[in-house]
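The values are calculated or read from the model by the stated rules, or taken from the named source; none is laboratory data. Every value quoted in this text rests on a predicted model; they were computed, and no experiment measured them. Using ideal geometry, Cβ is built from the backbone for each residue, glycine included, and neighbour counts are taken over all protein chains shown. Surface accessibility is based on the protein's heavy atoms, side chains included, excluding ligands, DNA and RNA. Shrake-Rupley method; radii C 1.70, N 1.55, O 1.52, S 1.80 Å.
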Amino acid sequence: MKERVKFLIRTYLWTVLVFIVAKLAFMFFCHEGNELSGIDIWQVISHGITLDLSTALYIVSLPFLLMMATLWISGRWVIHTLRVYFLVISFAFALAFVADSSLYPFWGFKLDASCLQYLETPTEAMASVTTGYIIWRFIVLLIATIIILIGYLDAVRKLRTVCEKSVGKKSAIYGTIVGILMIPLIVIGIRGGLDESTTNVGQVYFSQNQFLNHSAVNPVFNFFASFEKTATNDVTYHFMDDSESQRIVSELYNTQSIDCDTLLTTQTPNIILILLESCGGQFTEISGRTDVTPNLNRLAHEGIYFSNCYANSWRTDRGTVCTWSGYPSFPTMSVMKMPVKSNTVPNIARTLQQERGYETHYIYGGDINFTNMRSYLVAGGFQKLTWKKDYTVEEQNTAKWGVRDDITFETLRQLTTTMRQPFLIGYSTLSSHVPWDVPIQHFDDEVLNAFYYLDQCVGNFIEGLRKTDLWDHTLVVMLPDHGIVYNGLNESNPLLNHIPMIWVGGAVKEARQIDLVCNQTDLAATLLGQLGLNHDDYTFSRDVLSATYLHPFAIHTYDDGYTIIDSTSFVNYDFISDREVTSYGANKDLLMQRAKAILQAATKDLKER
């Protein structure tokens, strides 16, 4: 058993070493336009190692099972099987590495399953390169395959005499028990730990330099992970001619800010944007309740209150992109989970950083690798991230999802005193989420209790900020990432996605209530318009305060369906059953046409990014 374990360890370490060397080769061949320092190289390796370790466990899974089998069935068949297996693995690795480093200069993103579509038209694919280019890479492919294979065969050679000998029954039983006990450890290693998030590409992102992030990504893992995305997310909606769809969308989304109301006292305020986990209007005065979120209700009337705002989606990963990028949500696709796409959409943080020199920071008490959140935030312009792992072990365990809101609100408070001005701080709360584990007991209903706790955290933070010198030139924007199904509420009721959007702070000129129907995605254009910044890149975001805002409506997508609403009409449409679940109002047909045009144009835009 001892020699079998040594073989598995050798195989595993060799696989990890191959991945590290491949990273170095990638950086060497693809670094044009990017100056690399020794620190950069070290950070690429150290941040990428978690993905390498997980991927390597996949590779040794079959050898592990074969070693278990040899405890009961000896013979040379194992050696032959391993040789063939490692030949295939070596060639696959070499092919992935060569293809990755060859395609990256053209594509600008890591090897994924999308490259397979070019096999349908090999002539066109080859037309971009010379014969010499192909021959040189074929030679490199053979050399890399041989080098990788030699390392594996060396480990197999040391195992040959072991596998040909029979093992006593007692030793076989002992070895089998040890092997069974190792399986959970292998599974945990493959999924990347015991947290909610599993191993994903976004977890290795660490830099504002996308080339360094891409260098840290394991191309083998990225390739196979992209198959799931391709299988489940590659959805294109086609309801009409593209020209008609584009005509409708261009009328609905105008990127100009003209004759805007001026709501702020300055165009360079410090900005704190808080995404309130799940805090839909059903818990605020929008629904008539005044007891669950008294602080939010009060603040709504002290600042600027967008009383008819609607969430674009039903999940945090989607709602986050809608808010920061002014980019639409999709029924079956999560842009955040697609780093190749999410890295191309605009972001308020990047705009403020580039146009006004804002210092940027994001806070999240949970696992920031979940749903590729890290990738999205880093690529979007956030220079620093504070997340679960930056807290003590005790703090990390204060809630199921990570660090409790009162603790992360204190982090937010501290950042306001240390960051260079003007600053932008993004913050996602998390305690108002299943399992609703909060440290107070105000309501018997655990859901209401969690939102009351969130509201108390908000109130305490705002009142503390109000007492500082920062208050006079700070804008705090608060809105939920989405609503939730609760107490019988569902997509057929507009209240589900009706969310409060509140702007408060000393930078607010005067209290105002804006009753126009709008979307979560409209925050980007509206905010940038108030700051006097161009927002042409935010093609699906509207400045609600501009004279160009002529068609007030809001669209929301959920799993295989959408809702759309204006001041008189509402439609809930289900794609699976291909029918209107709920609809009313004189404009319902017009709204459906708009929704279809938006989905068609948005998926086309996403596909072309």
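For the reader, a short list of remarks on this structure follows.
- Applied to region 367-378, the Karplus parametrisation 6.51 cos²θ - 1.76 cosθ + 1.60 on θ = phi - 60° returns per-residue 3J(HN,Hα) values of 7, 6, 7, 5, 6, 6, 4, 4, 3, 5, 5, 5 Hz, with x for Gly and Pro.
- Residues with amide H under 5 Å from that of MET501, placed H, sequence gap 5 or more: PHE306, CYS309
- Length released on extending from LYS2 to ALA99, taking residue separation times 0.36 nm less the Cα-Cα span: 31.1 nm
- Accessible area in square angstrom per residue, region 149-300, 1.4 angstrom probe: 47 Å²
- Note on HIS80 and ALA25: the model spin-label points, each 7 Å out from Cα along the C-beta direction, lie 3.1 nm apart.
- Label point distance in nm, LEU550-ASP259, each placed 7 Å from Cα along Cα→Cβ: 1.2 nm
- Inter-part distance, region 138-163 to region 263-306, computed on C-alpha centroids, equals 62 Å.
- When both region 393-467 and region 485-507 are represented by their alpha-carbon centers, they are found 19 Å apart.
- At 1.002 mPa s and 20 °C, Stokes diffusion of region 296-363 via Kirkwood alpha-carbon radius, µm² per second: 154 µm²/s
- Amide H contacts under 5 Å for PHE443, placed H, 5+ residues apart: ASN449
- Stretched out straight at 0.36 nm per residue, the stretch from VAL178 to VAL235 would grow longer than its current Cα-Cα span by 16.0 nm.
- Alpha carbon Rg of region 145-285, scaled by the compact-globule rule 2.2 N^0.38 Å: 1.96
- Treating each Cα of region 315-396 as one equal point scatterer and applying the Debye formula with no solvent, the log10 of I(q)/I(0) at q = 0.20 Å⁻¹ comes out as -0.88.
- For the pair region 565-581 and region 28-60, the centres of their Cα atoms are 47 angstrom apart.
- Long pairs among LYS341/LYS596; LYS341/LYS400; LYS110/LYS388; LYS110/LYS400, criterion Cα-Cα beyond 26 Å: LYS341/LYS400; LYS110/LYS388; LYS110/LYS400
- With a Förster radius of 41 Å applied to the C-beta separation of LEU65 and ILE139, the computed FRET efficiency comes to 0.75.
- The eigenvalues of the Cα gyration tensor, multiplied by 5 and square-rooted, give region 496-548 an equivalent ellipsoid with semi-axes of 18, 16, 10 Å from largest to smallest.
- Each principal axis of the Cα cloud of the chain was taken in turn, and the coordinate range along them, longest first, works out to 83, 59, 52 Å.
- About its Cα centre, the dipole of region 1-98 is roughly 700 debye, where the only charges are +1 on Lys and Arg Cβ and -1 on Asp and Glu Cβ.
- log₁₀ of I(q)/I(0) at q = 0.14 Å⁻¹ - region 233-359, Debye sum with one point per alpha carbon: -0.93
- Solvent-accessible surface of region 474-609, taken per residue with a 1.4 Å probe and all protein chains present: 34 Å².
- Surface composition of region 351-485: carbon plus sulfur atoms contribute 47% of the solvent-accessible area (1.4 Å probe, protein chains only, all chains present).
- Computed over the chain, relative contact order equals 19 percent, with contacts defined as Cα pairs under 8 Å that lie 6+ residues apart.
- Whole-number Å³ per residue for the convex hull built on Cα positions in region 1-72: 85 Å³
- The ellipsoid that matches the Cα gyration tensor of region 366-477 has semi-axes, each √(5λ) in whole angstrom, of 24, 20, 12, with the longest given first.
- Counted over region 373-419 with a bin width of 10 Å, the fraction of Cα pairs per bin, in whole percents, is 24, 46, 30, 0.
- Considering only the Cα atoms of region 422-487, their convex hull presents on average a projected area of 5.5 nm².
- Over region 379-446, accessible surface divided per residue gives 49 Å², non-protein components excluded, 1.4 Å probe.
- Sequentially through region 419-434, phi angles give Karplus couplings (6.51, -1.76, 1.60; θ = phi - 60°) of 6, 5, 9, x, 10, 10, 10, x, 8, 10, 6, 9, 5, 7, 8, 3 Hz, Gly and Pro residues having no value and appearing as x.
- Screening the chain for whole DSSP H helices of 18 Å or more along their axis (Cα) with average Kyte-Doolittle hydropathy at least 0.5 returns 2-30, 38-70, 77-107, 131-157, 169-191.
- Take the Cα of LYS467, step 7 Å toward its Cβ, do the same at THR130, and the gap between the two points is 7.2 nm.
- Taking amide H positions as modeled 1.01 Å from N, with prolines and chain starts lacking one, the residues under 5 Å from GLN383 and 5 or more places away or on another chain are THR360, HIS361.
- Computed from the alpha carbon atoms alone, the convex hull of region 437-574 holds 158 Å³ per residue.
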